[in-house]
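Let me begin by presenting the structure, written as structure tokens, before commenting on it.
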Amino acid sequence: MTRILVVDDEPHIVALVTRALHAEGFETAVADDGLAALERGQEGDIDLIILDVGLPSMDGFEVLRTLRAHGERMPVIMLTARSAASDAVDGLDAGASDYVPKPFSVAELLARVRSRLRERTGAITMVLTQGDVTLDILARRTTVAGREIDLSAREFALAEQFLRHPGVVLTREILLSRIWGMDFDPGSNVVDVYVRYLRSKLGSDHIVTVRGEGYRWE
């Protein structure tokens, strides 16, 4: 599932934007200060960042410059209450993909998100392929050996995690957190149930059980 990091220290803005993104089928992560945003943005699973300029600890421009200096190439849409043209120039010069002044239209912000994701090339691809399985992230399409397969939203999100991390053991805790947003419950078997669903649709040999740890995509 495409994951978008929303960075703002105003809770009502975060709630508004995350609600709208969830309605569009995106997954979100949240940070409310610059240092937390920098750390979260470098974890390797963020596809796009919506980044406020005025943040505690370090401002959005500094966060963006540091991310770019460390080789992070995901699209970044800057949000700010500042309206001066120089701020837009500073943001774009720092490596922003787009710049939206507050107050903003949610519909316009979503359109810019979709546009930046369509245009994106580089470190994170919109089409994931491992062996005979292909996921088109934006179109939400799955094919196995060229044949289209119907996956539910949760199945698609689980398949995306495996294809993004081939050969890596993904624990139930990680999968619950990234897909269901739940704290790890040792008694829950929801991950195991959905792995069975995926095996039946994508092929039983792709997902290997690592006893006592989790699952790995072969």
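Some values worked out for this structure:
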| read-out | value |
| --- | --- |
| Surface per residue (accessible, 1.4 Å probe) for segment 1-76, Å² | 39 Å² |
| Given charges at Cβ of Lys, Arg, Asp, Glu: the chain dipole, positive-most of M74, H165, T134 | T134 |
| With DNA, RNA and ligands ignored, accessible area of V193 (1.4 Å probe; Å², nearest 10) | 30 Å² |
| Label zone at R196, where the point sits 7 Å out along the Cα-to-Cβ direction: segment 132-156 residues whose backbone N lies under 20 Å | 150-156 |
| Extension gain from R118 to V168, taking 0.36 nm per residue of separation minus the Cα-Cα distance | 15.2 nm |
| With DNA, RNA and ligands ignored, accessible area of E119 (1.4 Å probe; Å², nearest 10) | 110 Å² |
| Selected from A20, L35, V53, residue furthest toward positive end of dipole (segment 1-60; charges at beta carbon) | A20 |
| Accessible carbon and sulfur surface of the chain relative to its total accessible area, %, 1.4 Å | 49 percent |
| Total charge dipole magnitude, the chain, about the Cα centre, Cβ charges on Lys, Arg, Asp, Glu only, Debye to nearest 20 | 760 debye |
| Estimated 222 nm signal from helices in the chain, with DSSP H stretches of n ≥ 4 weighted -39500 (n - 2.57), rounded to 500 | -11500 deg cm²/dmol |
| Label-point gap, in nm, between T143 and D9 - each point 7 angstrom along Cα→Cβ | 4.8 nm |
| For the chain, share of DSSP beta bridges that run antiparallel, in % to the nearest 5 | 50 percent |
| Mean Cα-pair separation over length for the chain, i.e. relative contact order, pairs under 8 Å, 6 or more apart, % | 13 percent |
| Probe 1.4 Å - accessible area at R73, Å² to nearest ten | 120 Å² |
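The values are calculated or read from the model by the stated rules, or taken from the named source; none is laboratory data. Keep in mind it's a predicted model, so treat the numbers as computed, not measured. FYI the Cβ positions are ideal-geometry reconstructions off the backbone, even for glycines, and counts take in every protein chain you see. Each accessible area value is taken on the protein alone, full model and side chains, heavy atoms only, with ligands, DNA and RNA left out. Shrake-Rupley method; radii C 1.70, N 1.55, O 1.52, S 1.80 Å.
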